[in-house]
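Written below as structure tokens is the structure these notes are about.
The values are calculated or read from the model by the stated rules, or taken from the named source; none is laboratory data. Predicted, not measured: the structure shown is a model, and the values here were computed from it. We place every Cβ from the backbone using ideal geometry, glycine too, and count neighbours over all the protein chains shown. We work out accessible area using only protein heavy atoms, side chains counted, and drop any ligands, DNA or RNA first. Shrake-Rupley method; radii C 1.70, N 1.55, O 1.52, S 1.80 Å.
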Amino acid sequence: MANPLTPAERARAGRDLVGVVVAIAAATAVCAALDGVISLTSQAMVYLFAVVAASYALDRVGAIASAVGAVTAFNFFFVPPRYTLAVEHREHLIALVAMLAVALLVSTLSAALKRETAAAHASETRARQLRELAAGLLAAERESDVLRIGREALARRFTGPVFLVGARDGEVDDRTAIPDDVARGLRCCVGEAAVLGPGTGRWPGLDAWYVPLGPRDSVVGAACVAPADAADAVGREHAEAIAALLAQAIGRLRLAEANLATSAALQRQHLQSTFLAAVSHDLRTPLTAIVAAASSLQQQRARLPVGEQDRLLAAIVADASHLSAVTENTLQLVRLAAGGEALRLEWQAVEEIVGSVVARLRARPGGDRIGVRIAADLPLVRGDATLLGQLVGNLLDNALKYSEGPVQLVALRAGKRLLVSVKDRGGGVGEADRARVFEPFYRGGRIGATRGAGLGLALCKAIADVHGASLVVSARPRGGTRFTLALPVEAQPEAALAT
Amino acid sequence: MSLAVLVVEDDREIRDVLRASLAAEGFDVLTAVSLSEAAALLDHARVDVVVLDLGLPDGDGAELVRRIRRTSSLPVVIASARHQEAEKIALLDAGADDFLTKPFAVGELLARIRVALRHRGTAVQPAITRYDAGGLVIDLDAHRVERNGEALHLTPTEFNVVACLVRADGRVVTHRQLLVDVWGAEHIDDVHYLRLYMAQLRAKLEDVPSEPRHLVTETGVGYRLATE
């Protein structure tokens with residue numbers, strides 16, 4: 001070998017030499033001990049045994065050395081004329097040549113056997129590593145996990161620096177710290193979608209292999225591994241096998257991601273069309289009534305009895321107020337959903353919020369059906385008064401709309417919660433509808449029957465959410481519905497001196 | 001001589017309706033479509049009360065309110081939509097007298113204007129020191145509070161809070177104004193003081209504390225004493 005020997009190789013060569021010397025010395029000693037007792041042929045057999053043993057254990061160089069050494073020692077010590085290297089009979093010459101041939105043959109066979117054993121062992125190790133890698137990749141939920149697992153797998157086989165990056169649309173995600181030349185190689189590898197480096201016919205001058213993840217048109221990344229030897233086809237294949245597994249895993253994750261995005265987009269689209277349908281219903285219905293009433297007054301006033309004129313005017317005011325409420329709810333819901341505006345969370349007294357809402361609703365038809373019971377000494381809660389007022393107002397409004405009887409508002413403290421319940425004796429909410437009443441625009445099949453209820457509860461839920469509160473609906477034992485808002489009670493602020 | 005109202009509103013329909021309704025109530029109605037036009041009118045015409053829309057094309061209503069307050073106590077009523085709440089409160093703190101939330105009924109507008117007009121020339125008139133409505137009598141000079149003919153005892157701070165509202169005479173008093181007047185500027189953010197004292201006051205002054213008739217909460221803005 002032209003290459004200088006590595007320290008390990010030098011040490012092995014030294015061990016082999018010692019082995020050869022020991023084997024020949026042992027054979028010589030045995031033959032000397034049995035000299036005169038056994039024939040020269042048998043002595044040759046003893047040497048042959050030593051050569052076979054040494055050839056089996058050592059490599060080809062050791063085998064040749066042992067054959068030459070054995071023949072020389074046999075010739076020197078035992079073949080007449082003894083203690084010379086001259087050979088007397090042609091027979092002995094044949095024996096010596098045969099011994100050399102046997103030594104080479106045995107050494108070649110054993111070396112081949114060892115190579116195959118080692119190859120089988122290595123390929124089994126590789127297969128096991130690939131199996132483990134495949135299993136590890138199945139559990140990976142993120143692309144970064146896949147890359148981390150891939151780097152570990154490559155580092156187990158390749159001792160040089162290992163780099164692994166993802167790529168999208170032919171572009172490397174170059175976010176990790178990678179030397180410039182490696183980054184260039186990775187980009188090129190992704191671009192060409194082919195293995196680059198020694199023994200590949202592409203860029204053989206490189207000192208590393210660049211392996212793309214995935215076939216042309218769907219390269220999802222690239223790896224750079226070293227050391228790379230043109231002769232190490234097995235190593236290159238191993239790297240390619242790992243790359244194939246990684247490509248599969250990343251491909252699977254990206255497909256799932258794309259599916260998720262598609263279904264989210266579909267859901268958004270669905271929500272948007274529901275939103276539009278509901279808003280246009282909620283807005284158009286009162287608008288239609290207003291236009292009809294106003295135009296009737298405009299064109300037929302002289303022919304309408306005074307009572308009828310008053311009724312039309314009252315309808316215009318009522319529908320316009322309703323329109324205003326629907327608009328306010330829609331805008332507030334959109335604002336909360338957008339989440340851009342900061343909430344004004346201040347200490348609030350529930351009694352105050354309820355008081356001003358009830359005062360407003362009392363003026364409406366049916367407002368006298370509301371009964372209020374508020375426990376004394378309720379703690380303050382942190383919240384946005386306008387939003388909480390809107391929540392309570394919507395609940396009361398709904399209760400008035402969907403029931404004929406009394407509507408009760410109760411506020412009390414229960415441990416670390418402040419409960420505000422709105423109860424009615426109306427038709428109630430069916431078991432099946434209960435989970436869905438808070439969905440935007442859900443009406444429980446009542447669409448058209450009553451106006452604009454779908455949005456109010458969705459807004460109530462959104463307001464409860466931003467206050468860290470829960471809002472649940474339940475059926476009352478003897479008919480009717482109860483909505484309960486549970487606001488968290490925090491440590492109370494330091495009170496001003498009560499003077 | 002009839003009273004003059006200046007309506008500052010950029011929407012023509014709303015302006016026309018307000019002009020008609022206010023004229024029907026006997027007011028002289030001036031209109032402006034922008035802050036600059038309003039400022040010009042204020043310089044050259046006699047105005048007794050201003051109804052100021054928020055969100056005008058040429059900018060910040062606060063500027064106009066501050067300008068008015070530098071020279072007069074001319075009543076200003078703000079008309080704003082819900083999403084302009086922060087701006088509305090800023091204007092009230094800057095000296096505007098009261099507010100209306102859009103959409104509003106004409107009756108509400110007239111009520112606000114009536115309350116605001118009671119303050120014409122408060123700078124020269126004696127300050128309001130007495131409240132008497134629905135069985136509740138508060139006399140600041142005599143330091144007396146009676147409910148249904150029965151004398152009530154208020155703590156000094158409670159009395160100061162009530163006095164603030166009485167002097168406002170039906171106009172809204174913002175949280176900041178109350179906190180600064182009663183507790184001092186360093187307590188400007190201690191809204192919880194108000195919550196606690198208002199609860200105490202409602203318990204003493206109201207027949208049904210959970211549905212107050214005198215101490216009215218203007219959600220998110222402040223409090224007022226109901227005068228009508």
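Things to note:
- Qualifying residue in the range A:345-353 (condition: more than 10 Å from every other protein chain (Cβ to nearest Cβ) and open to solvent by 30 Å² or more (accessible area, probe 1.4 Å)): yes
- If the condition is being within 7 Å of another protein chain (Cβ to nearest Cβ), open to solvent by less than 20 Å² (accessible area, probe 1.4 Å) and of a type outside the set (A, V, I, L, M), then the range B:195-216 contributes B:R195, B:S210.
- Looking only at the range A:465-494, and only at residues there that are in contact with a Pro (Cβ under 7 Å, 6 or more places away or on another chain) and either within 14 Å of chain B (Cβ to nearest Cβ) or hydroxyl-bearing (S, T, Y) (or both), the one that is most open to solvent (accessible area, probe 1.4 Å): A:Q492
- Contacts under 7 angstrom Cβ, first residue in the range B:145-156 being within 14 Å of another protein chain (Cβ to nearest Cβ) and closer than 19 Å to B:A199 by Cα, partner in a loop (DSSP other than H, G, I, E, B) and of a type outside the set (A, V, I, L, M), 6 or more apart: B:T155/A:T499; B:P156/A:T499
- Scanning the range B:36-61 for residues that are over 15 Å from B:V5 (Cα atoms) and either in a helix (DSSP H, G or I) or among the polar types (S, T, N, Q) (or both) gives B:S36, B:G61.
- Pick from the range B:158-194, criterion of a type in the set (G, A, S) and farther than 18 Å from B:T129 by Cβ, ranking: farthest from the other protein chains (Cβ to nearest Cβ): B:A185
- Among the conditions (1) free of Cβ contacts under 8 Å to residues at least 24 places away in the same chain; (2) β-branched (V, I, T); (3) open to solvent by 60 Å² or more (accessible area, probe 1.4 Å), the only one that A:T125 does not satisfy is (3).
- Screening A:D377 on (1) touching a residue at least 60 places away in the same chain (Cβ under 8 Å); (2) surrounded by fewer than 16 Cβ atoms within 10 Å (Cβ to Cβ) shows it passes everything except condition (1).
- Restricted to the range A:1-91, the set of helices (runs of 4 or more DSSP H) holding at least 1 residues that are at pLDDT below 85 and loosely packed, with under 12 Cβ neighbours inside 10 Å comprises A:7-33, A:40-57.
- Any chance A:L409 is hydrophobic (A, V, I, L, M, F, W, C), in contact with a Lys or Arg (Cβ under 6 Å, 6 or more places away or on another chain) and either within 14 Å of chain B (Cβ to nearest Cβ) or farther than 23 Å from B:T217 by Cα (or both): no
Residues checked against (1) open to solvent by 30 Å² or more (accessible area, probe 1.4 Å); (2) closer than 30 Å to B:R67 by Cα; (3) not hydroxyl-bearing (S, T, Y):
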| residue | (1), (2), (3) |
| --- | --- |
| B:I89 | no, yes, yes |
| B:T101 | yes, yes, no |
| B:V115 | no, yes, yes |
| B:L136 | no, no, yes |
| B:L140 | no, no, yes |
| B:T155 | no, no, no |
| B:V162 | no, yes, yes |
| B:L165 | no, yes, yes |
| B:R176 | yes, yes, yes |
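- Residue that is nearest to the other protein chains (Cβ to nearest Cβ) [pool: residues in the range A:354-368 that are open to solvent by 20 Å² or more (accessible area, probe 1.4 Å) and in contact with a strand residue (DSSP E or B) (Cβ under 9 Å, 6 or more places away or on another chain)]: A:S356
- A:L323 passes every criterion in (1) within 14 Å of chain B (Cβ to nearest Cβ); (2) modelled with pLDDT of 90 or more apart from (2).
- Among the residues of the range B:1-21, none is identified as in contact with an Asp or Glu (Cβ under 7 Å, 6 or more places away or on another chain), open to solvent by 60 Å² or more (accessible area, probe 1.4 Å) and farther than 15 Å from B:L52 by Cα.
- Evaluation of A:T330 against (1) closer than 23 Å to B:K102 by Cβ; (2) part of a helix (DSSP H, G or I); (3) open to solvent by 30 Å² or more (accessible area, probe 1.4 Å) (one fails), failing number: (3)
- Residues (of a type outside the set (G, A, S) and either open to solvent by 40 Å² or more (accessible area, probe 1.4 Å) or touching a residue at least 40 places away in the same chain (Cβ under 8 Å) (or both)) located in the range A:280-295: A:H281, A:D282, A:L283, A:R284, A:T285, A:P286, A:L287, A:T288, A:V291
- Residues that are loosely packed, with under 11 Cβ neighbours inside 10 Å, in a helix (DSSP H, G or I), out of contact with any Ser or Thr (no Cβ under 9 Å at 6 or more places or on another chain) and of a type in the set (V, I, T) are absent from the range A:249-257 altogether.
- The C-beta contact set for the range B:41-70 (first residue under 21 Å from B:D16 (Cβ atoms), second residue among the polar types (S, T, N, Q) and surrounded by fewer than 19 Cβ atoms within 10 Å (Cβ to Cβ), distance under 7 angstrom, 6+ apart or interchain) comprises B:L56/B:S34; B:P57/B:S34; B:D58/B:S34; B:D58/B:S36.
- Enumeration of residues in the range B:32-61 that are at pLDDT below 85 and open to solvent by less than 10 Å² (accessible area, probe 1.4 Å): B:G61
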